[in-house]
Every structure is written in C-alpha cells, then in structure tokens.
Amino acid sequence: MTTASQAYAVIKTRIEANRPLDGSGNVVLLRWQNQDADTDGNIGLPNIPTPFAYTEFVTDPGRLTGFGGGRGANLYRNPGRIDSFVFVPKGWGFAPATDIAEQIAALFRSYRDADISCFDATVYPGGNGSDVKPPGVQSDVDNYFWAGVEVSLHFDQIG
C-alpha cells in the first residue's frame with residue numbers, strides 16, 4: 001500500500017538522485033511545492049538568472065478497482081501526475097528549457113516500482129516565466145523562459 005506522501009517521496013528522491021544538467025553541464029537547482037528553499041538552500045532566486053525546476057505532485061480522487069475480501073481489503077487506484085516547470089534565463093533559446101525538461105521526463109517514462117506506476121511523460125514548451133510564477137518563489141521570474149513536463153501516474157492503496 002502506498003500513501004500520497006510515499007508516492008511524493010519516490011518522485012522527489014528519483015529527481016534529486018538524477019538531477020538534470022543544463023547545456024554547460026551544471027546541475028539544475030530544484031524547487032518543490034510547499035518548500036521555501038531550493039536544493040542548495042536558497043530562498044529567493046539568484047540575482048543572475050540560473051536554470052531551475054519547480055515540481056508539484058497532484059492527485060485525483062481514488063477509485064475502487066478490486067474487491068479483496070471486504071472492508072479493509074479492497075484495492076483503490078489513485079491517479080495523479082507530476083507537473084514540473086523548468087525555468088531558464090531569457091535569451092538562452094528554446095532548446096535549453098525543453099532539453100532540461102526532457103531529462104526529467106525520461107526519469108518517469110514507463111517507470112514502475114513497488115509504489116508508483118508512471119505512464120506518459122510529455123514535454124511541452126512554455127513562455128514567459130512570470131506567466132507561471134511558482135508558489136513559494138519569492139522573486140520575480142520575469143527574467144526566465146519556461147518549459148513543462150507532465151507525467152501521468154497512479155499508486156494503489158488497500159482499504
């Protein structure tokens with residue numbers, strides 16, 4: 001059985017263990033929902049724009065998918081998704097944002113473990129960073145261009 005917290009921990013651990021690189025080989029900073037600091041402990045964005053990724057885990061209502069013997073033994077499938085927004089400095093061009101996003105997407109395409117099952121992972125171009133200011137980021141992202149990643153997944157619970 002997997003809880004939402006456990007599924008989130010798998011996602012976060014997988015991305016942090018395989019941090020994406022920018023075009024120069026530098027590790028990209030990571031930011032997470034309901035956390036003020038990035039992976040390097042910075043609260044605000046740096047004065048000189050630097051690539052970073054902000055990732056959220058979102059779930060939808062679970063559905064009963066199997067009867068296993070009555071109350072407390074039924075299988076519930078909980079659909080969810082990973083939404084990751086990659087920000088790069090404006091002027092870097094289109095490819096750096098989508099290339100970093102692709103590294104995140106590749107971690108979850110057809111990924112399955114004991115806790116989560118991932119399916120499609122789509123990279124899509126974005127636009128002006130200020131159009132999708134991540135919650136908790138205490139600095140203007142107007143100096144950035146963004147691209148997104150959306151991963152469909154589910155996790156199961158018995159109850």
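The values are calculated or read from the model by the stated rules, or taken from the named source; none is laboratory data. In this text the structure is predicted, and so the values were computed from the model without any measurement. Cβ atoms come from the backbone with ideal geometry, glycine included; neighbour counts cover every protein chain shown.
I'm trying to understand the selection: among the residues of the range 100-135, which are surrounded by fewer than 19 Cβ atoms within 10 Å (Cβ to Cβ) and touching an Asp or Glu at 6+ places or on another chain (Cβ under 6 Å)? Of everything in the range 100-135, those that are surrounded by fewer than 19 Cβ atoms within 10 Å (Cβ to Cβ) and touching an Asp or Glu at 6+ places or on another chain (Cβ under 6 Å) turn out to be Thr122, Ser130. The requirement of being within 23 Å of Trp146 (Cα to Cα), part of a helix (DSSP H, G or I) and modelled with pLDDT of 95 or more is fulfilled somewhere in the range 16-31, by at least one residue.
Residues of the range 128-158 being on the phi < 0 side of the Ramachandran plot, small (Gly, Ala, Ser) and at pLDDT below 95, which ones? Show your work before the answer.
Step one: list which residues in the range 128-158 are on the phi < 0 side of the Ramachandran plot, which gives 128-135, 137-158.
From what's left, small (Gly, Ala, Ser): 129-130, 139, 147-148, 152.
Passing the criteria: Gly129, Ser130, Ser139.
Going by what's in this entry, would Val151 be described as more than 18 Å from Leu21 (Cβ to Cβ), in contact with a helix residue (DSSP H, G or I) (Cβ under 7 Å, 6 or more places away or on another chain) and assigned to a loop (DSSP other than H, G, I, E, B)? Spelling it out, it is not the case that Val151 is more than 18 Å from Leu21 (Cβ to Cβ), in contact with a helix residue (DSSP H, G or I) (Cβ under 7 Å, 6 or more places away or on another chain) and assigned to a loop (DSSP other than H, G, I, E, B).
Of the residues Leu30, Leu75, the single one that is in contact with a Pro (Cβ under 9 Å, 6 or more places away or on another chain) and among the hydrophobic types (A, V, I, L, M, F, W, C) is Leu30. Among the numbered conditions (1) under 26 Å from Thr13 (Cβ atoms); (2) modelled with pLDDT of 90 or more; (3) within 16 Å of the chain's Cα centre (by Cα), the only one that Pro125 does not meet is (1). For the range 34-143, the strands (runs of 3 or more DSSP E) that sit wholly inside it and include 3 or more residues that are more than 15 Å from Pro20 (Cα to Cα) and of a type in the set (Ser, Thr, Tyr) are 117-128. If only residues of the range 36-78 that are surrounded by 11 or more Cβ atoms within 10 Å (Cβ to Cβ) and of a type in the set (Phe, Trp, Tyr) are counted, the one that is nearest to Thr2 (Cα to Cα) is Tyr76. Pairs linking a residue in the range 91-107 that is at pLDDT 95 or above to a residue that is assigned to a helix (DSSP H, G or I) and surrounded by fewer than 19 Cβ atoms within 10 Å (Cβ to Cβ), with Cβ atoms under 8 Å and 6 or more positions apart or on different chains, are Leu107/Arg14. State all residues of the range 16-35 that are within 11 Å of Ile100 (Cβ to Cβ), hydrophobic (A, V, I, L, M, F, W, C) and loosely packed, with under 15 Cβ neighbours inside 10 Å; if no residue qualifies, say none. Scanning the range 16-35 gives Leu21, Val27.
Could you please let me know if Pro49 is in contact with a Pro (Cβ under 6 Å, 6 or more places away or on another chain) and not β-branched (Val, Ile, Thr)? The answer is yes for Pro49.
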